[in-house]
Amino acid sequence: MTKHFMPVFTDMEQLQAHQLAGLKWTTAHAWEGSAFYRKQFEGVGLLPGDIKSLEDLQGLPFTTGNDLKEGYPLPLLSVPQGDVVRIHASSGTTGKRKVLAYTQKDLDVWFDMFARCYEMAGLTREDRVQIAVGYGVWTAGMGFQLGCERMGAMAIPVGPGNIDIQCQFLVDLQPTVFCCTASMALLMAEEINRQGIRDKINLKKIILGSERCSCAMRAKIKDLIGLEDMFDITGMTELYGPGTGLDCSRHEGIHYWADKYILEILNPDTLLPVENGEIGEMVITTLCKEATPLIRYRTRDLTRKITTPCSCGNIFPMHDKILGRSDDMIILKGVNIYPGQVDEVLSAIPEVGSEYQLHLERKEDGKEYMTIRVEAAQGVDPGHTQEVQARLRKLVHSKIMVSCTPDICAYGDLPRYPGKAQRIFDTRDE
């Protein structure tokens with residue numbers, strides 16, 4: 001008998017009652033098990049019993065990435081160390097890694113959530129899933145693999161890169177689903193066409209994670225391979241890992257698993273809720289995480305809440321795709337620019353491709369300048385794009401409120417990446 005992983009809530013009131021029970025449990029659990037959280041609560045004069053409604057969440061103190069780093073090696077631990085069965089960690093590109101501990105229940109919750117994502121994407125036990133994301137202490141590979149095994153599909157754990165092996169397995173093992181970053185998906189799509197194996201493979205769907213993907217890039221990948229559908233999956237190391245949300249086949253937003261965590265969208269400067277539809281920082285409070293619960297954790301990820309119900313009928317709430325990070329935000333001539341805004345502008349111009357770079361520099365006159373180097377769409381001659389450059393310049397100015405210099409190069413001129421692509425090159429302080 002096939003197990004289903006999507007819980008049944010009849011309405012939002014029932015879901016919110018579940019959230020309140022989870023919030024009460026989390027605050028009591030953190031108070032009892034974590035000296036860090038008890039000190040945080042005492043600092044604002046709050047006891048776990050003070051939580052009477054979901055609105056009381058706003059009185060709880062924030063947790064940040066620095067709290068995780070300062071508590072190294074096992075920060076926010078709220079259970080005895082003997083209950084920890086696994087750890088995962090962030091990449092640690094700056095300073096100490098953020099290490100997260102897991103109990104067996106935490107792992108069960110995570111893999112059920114991930115299986116729920118696969119289920120929402122329409123996968124069954126008959127699918128074969130080729131996994132081309134990183135393995136190791138980070139969460140990506142293990143999440144994709146064990147979520148796949150939890151729902152009973154075949155996992156093919158290749159990892160990132162290894163393009164020849166990826167193509168060989170696509171032909172020999174006939175996977176129906178491919179899991180990777182957007183940059184890796186583009187690299188694979190172009191390689192499949194270069195090798196002439198499109199008619200020899202059986203890929204139906206791609207699940208993308210860990211990196212923003214513009215509409216233009218999605219359309220290009222889908223067209224090159226002839227896919228039925230593509231999905232964006234969300235997640236972060238601090239919040240179990242990937243698998244905490246997915247856009248359904250209607251692609252109207254990311255359904256996030258509100259029975260496992262509460263999502264607030266706050267102004268990153270004032271830490272107050274933004275208006276509906278406005279961009280803000282995702283702030284997370286977990287509802288059943290045992291080893292390292294998160295209470296109002298500032299993720300630095302930027303998105304919008306979507307208040308219109310999804311036409312698929314699923315009552316789980318939605319947020320928009322991740323537009324960037326508050327600490328990756330570009331400030332040019334006093335204007336805040338999110339990389340996701342550039343994605344949206346380029347996607348509106350069919351004559352340009354999805355691969356681009358932002359070059360920021362300060363010239364001898366002391367002024368700041370931005371050049372957008374973008375590939376021409378396949379089949380478009382970059383030498384005859386004066387009108388496209390003018391349109392791009394005008395659209396950037398109207399949508400992002402800054403001026404730019406467009407530089408349109410030939411299709412394929414910009415580098416491809418098996419992991420996350422480097423988009424921003426800022427030399428203003430050099």
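Of all residues in region 207-232, those being closer than 16 Å to LYS420 by Cα and either modelled with pLDDT of 95 or more or of a type outside the set (A, V, I, L, M, F, W, C) (or both) number 8. Of the numbered criteria (1) outside any helix (DSSP H, G or I); (2) over 27 Å from the mean Cα position of the chain (by Cα), the one SER78 fails is (2).
Hey, does region 9-27 have a residue that's over 29 Å from PHE114 (Cα atoms), in a loop (DSSP other than H, G, I, E, B) and open to solvent by less than 50 Å² (accessible area, probe 1.4 Å)? No, because not a single residue in region 9-27 is over 29 Å from PHE114 (Cα atoms), in a loop (DSSP other than H, G, I, E, B) and open to solvent by less than 50 Å² (accessible area, probe 1.4 Å).
With under 28 Å from the mean Cα position of the chain (by Cα), under 23 Å from THR427 (Cα atoms), modelled with pLDDT of 90 or more and not acidic (Asp, Glu) as the only criterion, which of VAL374, VAL402 stands out? If you could, list the steps in order and put the result at the bottom.
Details: VAL402 fails: modelled with pLDDT of 90 or more.
Being under 28 Å from the mean Cα position of the chain (by Cα), under 23 Å from THR427 (Cα atoms), modelled with pLDDT of 90 or more and not acidic (Asp, Glu) holds for just one of VAL374, VAL402, which is VAL374.
Name the single residue that is nearest to LEU57 (Cα to Cα) among those in region 260-287 being touching a Phe, Trp or Tyr at 6+ places or on another chain (Cβ under 9 Å) and open to solvent by 20 Å² or more (accessible area, probe 1.4 Å). The extreme case among them is LEU271.
Evaluation of LYS367 against the conditions (1) more than 30 Å from ILE265 (Cα to Cα); (2) in contact with a strand residue (DSSP E or B) (Cβ under 6 Å, 6 or more places away or on another chain) shows that the sole unmet condition is (2). Checked across region 303-311, the condition of being open to solvent by 10 Å² or more (accessible area, probe 1.4 Å), closer than 24 Å to GLY235 by Cβ and without any contact (Cβ under 8 Å) to a residue 12 or more places away in the chain holds for at least one residue.
It is to be established whether one or more residues within region 330-350 are surrounded by fewer than 17 Cβ atoms within 10 Å (Cβ to Cβ), on the phi > 0 side of the Ramachandran plot, at pLDDT 85 or above and of a type outside the set (S, T, N, Q). No.
So LYS399 ticks every box in (1) in contact with a Pro (Cβ under 9 Å, 6 or more places away or on another chain); (2) touching a residue at least 40 places away in the same chain (Cβ under 8 Å); (3) open to solvent by 50 Å² or more (accessible area, probe 1.4 Å) but one. Which box is left unticked? Among (1) in contact with a Pro (Cβ under 9 Å, 6 or more places away or on another chain); (2) touching a residue at least 40 places away in the same chain (Cβ under 8 Å); (3) open to solvent by 50 Å² or more (accessible area, probe 1.4 Å), LYS399 violates only (1). Within region 19-38, residues that are small (Gly, Ala, Ser) reach partners that are in a helix (DSSP H, G or I) with beta carbons closer than 6 Å, at six or more positions or on different chains, in the pairs ALA28/PRO48; ALA30/TYR37. Screening ARG298 against (1) free of Cβ contacts under 8 Å to residues at least 60 places away in the same chain; (2) under 16 Å from the mean Cα position of the chain (by Cα); (3) surrounded by fewer than 23 Cβ atoms within 10 Å (Cβ to Cβ) leaves a single unmet condition, (1). Scanning region 215-259 for residues that are surrounded by 18 or more Cβ atoms within 10 Å (Cβ to Cβ), small (Gly, Ala, Ser) and not in a helix (DSSP H, G or I) returns GLY235, GLY241, GLY243, GLY245, GLY253, ALA258.
Here GLY45 does not qualify as surrounded by 13 or more Cβ atoms within 10 Å (Cβ to Cβ) and modelled with pLDDT under 95. Number of residues in region 373-390 that are open to solvent by less than 40 Å² (accessible area, probe 1.4 Å) and either among the aliphatic types (A, V, I, L, M) or part of a strand (DSSP E or B) (or both) equals 5.
Return the only residue of LEU60, LEU68, LEU76 being at pLDDT 95 or above, over 16 Å from CYS288 (Cβ atoms) and open to solvent by less than 20 Å² (accessible area, probe 1.4 Å). Please lay out each step first, then the result.
Values: LEU68 fails: at pLDDT 95 or above; LEU76 fails: over 16 Å from CYS288 (Cβ atoms).
On inspection, the qualifying residue turns out to be LEU60.
The values are calculated or read from the model by the stated rules, or taken from the named source; none is laboratory data. Please read all numbers here as calculations on a predicted model, not as lab measurements. As a convention, Cβ positions derive from the backbone with ideal geometry for all residues, glycine included, and neighbour counts pool all protein chains shown. Ligands, DNA and RNA are excluded from the accessible area calculation, which covers all protein heavy atoms including side chains. Shrake-Rupley method; radii C 1.70, N 1.55, O 1.52, S 1.80 Å.
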